[in-house]
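**Student:** The following block contains the structure, expressed as structure tokens.
No lab work stands behind these numbers, since they all come straight from the coordinates. Nothing here was measured: the structure is a model prediction, and the numbers come from that model. Cβ coordinates were reconstructed from backbone atoms using ideal geometry, including for glycine residues, and neighbour counts include every protein chain displayed.
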2 protein chains.
Amino acid sequence: MSSTTIFSLSLGRASLTVMASQQKTSRKAAGTQAAIRRPQARAANSRSQRGDAGDDIGLDALVGHAGYAVRRFQLWIFQDFIKTLATVDIRPTQYSVMTVIGANPGLSQMAVAKRLGIERARLVHLLDSLEERDFVSRIASATDRRSHALHLTARGRTALAQFKRLAAEHERHVAEKIGKENRERLLQILACFT
Amino acid sequence: MSSTTIFSLSLGRASLTVMASQQKTSRKAAGTQAAIRRPQARAANSRSQRGDAGDDIGLDALVGHAGYAVRRFQLWIFQDFIKTLATVDIRPTQYSVMTVIGANPGLSQMAVAKRLGIERARLVHLLDSLEERDFVSRIASATDRRSHALHLTARGRTALAQFKRLAAEHERHVAEKIGKENRERLLQILACFT
DNA sequence: AAAAGATTGTTGTTGACGACAACAATTGAT
DNA sequence: ATCAATTGTTGTCGTCAACAACAATCTTTT
């Protein structure tokens, strides 16, 4: 253990930084650094310092990590969803809530929250906004006076139909990005999470 | 299946008090509170109110949406990562930052941020905490007095080695969850996002 | 060289989101 | 009737992405 293997790194940068025990001086920013003056840039290598290209940095160590790829993909996919449904101002979570209610009218908030894996505390605000926009309505349950039966309003139903059309367009974007068959495969692999 | 959220992890708190805290028995004192809320019951909905099973709810409308499956998967994968690396108190983003710096010493904050797709404003706090723990160090760049050259400290290098072992264990969890070959396929499909 | 424009690190704010704790009202079991 | 559990609600806390603004510093233009 503790085999301090000095990666000499690759990527055309012989940085060779001295170990420099380096104190914590540079934390607070904007300090009058009195830094070393080395204006003469000898190498100007343009490689690692200037990431203008942005993709020439080898991060070999991150490939092979599923979480990283999934995080980046999820970011991309949510941004595209939001952008594609920007005209109707619907976010992914709102869409999923309306979809579940539309497919299963009368569900309680607890059931919806459990099904979607979101906290019931959070669902409260979600439903507040959706109810304000007259998309869903909380109807007092006949059998349990604690719970609400969730339904789409008439306006919510027609709205959801439009949302679904836009969501289908978003899915086409996904297919364009990773390939139609890859998208199918992905859905199959992750089916156990839906 | 297992749609019920089982996270009990709560890094940092470890308050596994699942037991219900005792009530105060302040029962509102014989209040036959009549209808503040109208129990109105009509609407004869179809579905059953009791979604206690939690998995009998058909959400046919959500299958086929890549974003939903990816979101759930990303949640699961991050939770497992955090839990697996809880002993060293390292979160996914911190790990990715250290990994990139370790593989490319001397990078600027801008380059790291761009490479990982995170905001440079956010990277500031990330690096603050990592520098506090003596894992990375910001060294004044010789060529550009605006930027910092990021390096792992000696302690950071040995720490990262351990993090990588734990991360590998986490990857094994992923393989167990979705299957070894499915994980490979997933990485291949999402390679364009790394 | 001086002025104008762009970049880097930093601070701050906003809003979505997940997790948790506590509570009143209600239901169910004993 | 009593006690435990559930449901909706409110509130807090911390993470995270997205912006906006700023001082210091390159870089480019004039």
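**Student:** Please work out if residue B:126 is within 21 Å of the chain's Cα centre (by Cα) and more than 9 Å from every other protein chain (Cβ to nearest Cβ).
**Tutor:** yes
**Student:** Go through region A:101-126 residue by residue and tally those that are away from DNA strand C (no atom under 12 Å from the Cβ), surrounded by fewer than 22 Cβ atoms within 10 Å (Cβ to Cβ) and of a type in the set (A, V, I, L, M, F, W, C).
**Tutor:** 1
**Student:** Collect the residues in region A:135-185 that are within 16 Å of DNA strand D (Cβ to nearest atom) and not in a strand (DSSP E or B), keeping them in residue-number order.
**Tutor:** A:135, A:141, A:142, A:143, A:144, A:145, A:146, A:147, A:170, A:173, A:177
**Student:** Those residues that are of a type outside the set (Asp, Glu) and either within 20 Å of residue A:96 (Cα to Cα) or without any contact (Cβ under 8 Å) to a residue 24 or more places away in the chain (or both), I need them from region A:162-177; list them, please. First the steps, then the outcome.
**Tutor:** As a first pass, look at region A:162-177 and keep what is of a type outside the set (Asp, Glu): A:162-168, A:170, A:172-175, A:177.
Across region A:162-177, the qualifying residues are A:162, A:163, A:164, A:165, A:166, A:167, A:168, A:170, A:172, A:173, A:174, A:175.
**Student:** Within region B:150-178, count every residue that is hydrophobic (A, V, I, L, M, F, W, C), within 7 Å of another protein chain (Cβ to nearest Cβ), farther than 30 Å from residue A:190 by Cα and in contact with a Lys or Arg (Cβ under 9 Å, 6 or more places away or on another chain).
**Tutor:** Residues flagged as hydrophobic (A, V, I, L, M, F, W, C), within 7 Å of another protein chain (Cβ to nearest Cβ), farther than 30 Å from residue A:190 by Cα and in contact with a Lys or Arg (Cβ under 9 Å, 6 or more places away or on another chain) within region B:150-178 amount to 0.
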